[in-house]
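The values are calculated or read from the model by the stated rules, or taken from the named source; none is laboratory data. Nothing here was measured: the structure is a model prediction, and the numbers come from that model. Cβ sites come from the backbone with ideal geometry, for glycine too, and all protein chains shown count toward neighbours. For the accessible areas, the whole protein counts, side chains as well, though only heavy atoms, and no ligand, DNA or RNA atoms are used. Shrake-Rupley method; radii C 1.70, N 1.55, O 1.52, S 1.80 Å.
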Amino acid sequence: MRLRTLARKKVDEVLNPFLTFGHMALGEEVSQLQHALQCAWYAEQDNAPDYLVIAALLHDIGHLLTWEESGKHPEETGENGYHEKIGAQFLAEYFDDEVIKPIRLHVAAKRYLFSTDKRYRDTLSQASIDSLMLQGGEMDDSTCRAFESSPWFSDALRIRKYDECGKKTDLAVPDLSHYHERLIQHTRVVKERLQHA
């Protein structure tokens, strides 16, 4: 019981930025909370494993943490906020690499797909193109090959796919409570206890 209470507290800490700043939007017509929930829902529809559903839900938390800390966002003034790194660093206290690494690499996945897949490039929203330019733009061939060698390459591409889908203004999806139990089960405190049971 004490373990679940601790895990629930950890999950509440992770979700708090969504409750406080989830109403904010960043260039798209949906809020950050709507975007997160839609991405997680698309991951579920794709029969993604639970850890990837969680990564889809949390992949943009770095945006919210930036607002929480400074009250503004660098991308609003034409700067790279490195939200993927900020989010991954924050979440590393709570989850294992299977959740963290695809989040850290989802911006690299956008750059990779933009560089290698014309169909993907043609589907990007203007806001996504604008942020891409701040995030480094196209990858050269050697950077593409290096990214392909990452053990998290496929998961990062899947997160990117959900990321591009999760921008619908009229899509009804489950709320945060739908993912609460999954988040608890994937916290470090629970997984470490299960590994040593």
Could you tell me how many of the residues in the stretch 115-137 are of a type in the set (Val, Ile, Thr) and either open to solvent by less than 50 Å² (accessible area, probe 1.4 Å) or at positive phi (or both)? 1
If residue 142 passes every condition in (1) small (Gly, Ala, Ser); (2) within 25 Å of residue 45 (Cα to Cα); (3) in a helix (DSSP H, G or I) but one, which one does it miss? (2)
May I ask you to list the residues in the stretch 25-52 that are of a type in the set (A, V, I, L, M) and farther than 14 Å from residue 14 by Cβ? 25, 26, 30, 37, 43, 48, 52
Exception for residue 157 within (1) under 30 Å from residue 4 (Cβ atoms); (2) at pLDDT 90 or above; (3) surrounded by 15 or more Cβ atoms within 10 Å (Cβ to Cβ) falls at (1)
Condition (residue is in a loop (DSSP other than H, G, I, E, B) and of a type in the set (A, V, I, L, M)) applied to the stretch 147-162: is it met by at least one residue? no
Considering the stretch 113-130 alone, what residues qualify as being closer than 19 Å to residue 29 by Cα and assigned to a loop (DSSP other than H, G, I, E, B)? 124, 125
Residue in the stretch 100-114 that is modelled with the lowest pLDDT, counting only those that are open to solvent by 30 Å² or more (accessible area, probe 1.4 Å) and over 10 Å from residue 153 (Cα atoms): 111
When every residue in the stretch 6-58 that is in contact (Cβ under 8 Å) with a residue 40 or more places away in the chain and of a type in the set (Lys, Arg) is compared, the one most open to solvent (accessible area, probe 1.4 Å) is 8
Please determine, by comparing only the residues of the stretch 163-187 that are buried (at least 21 other Cβ atoms within 10 Å of the Cβ) and outside any helix (DSSP H, G or I), which one is nearest to the chain's Cα centre (by Cα). 166
When the residues of the stretch 76-99 are filtered to those that are surrounded by 19 or more Cβ atoms within 10 Å (Cβ to Cβ), at pLDDT below 95 and in contact with a Ser or Thr (Cβ under 8 Å, 6 or more places away or on another chain), which remaining residue is nearest to residue 187 (Cα to Cα)? 83
Name every residue in the stretch 85-123 that is over 17 Å from the mean Cα position of the chain (by Cα) and within 29 Å of residue 182 (Cβ to Cβ), in order of residue number. 120, 123
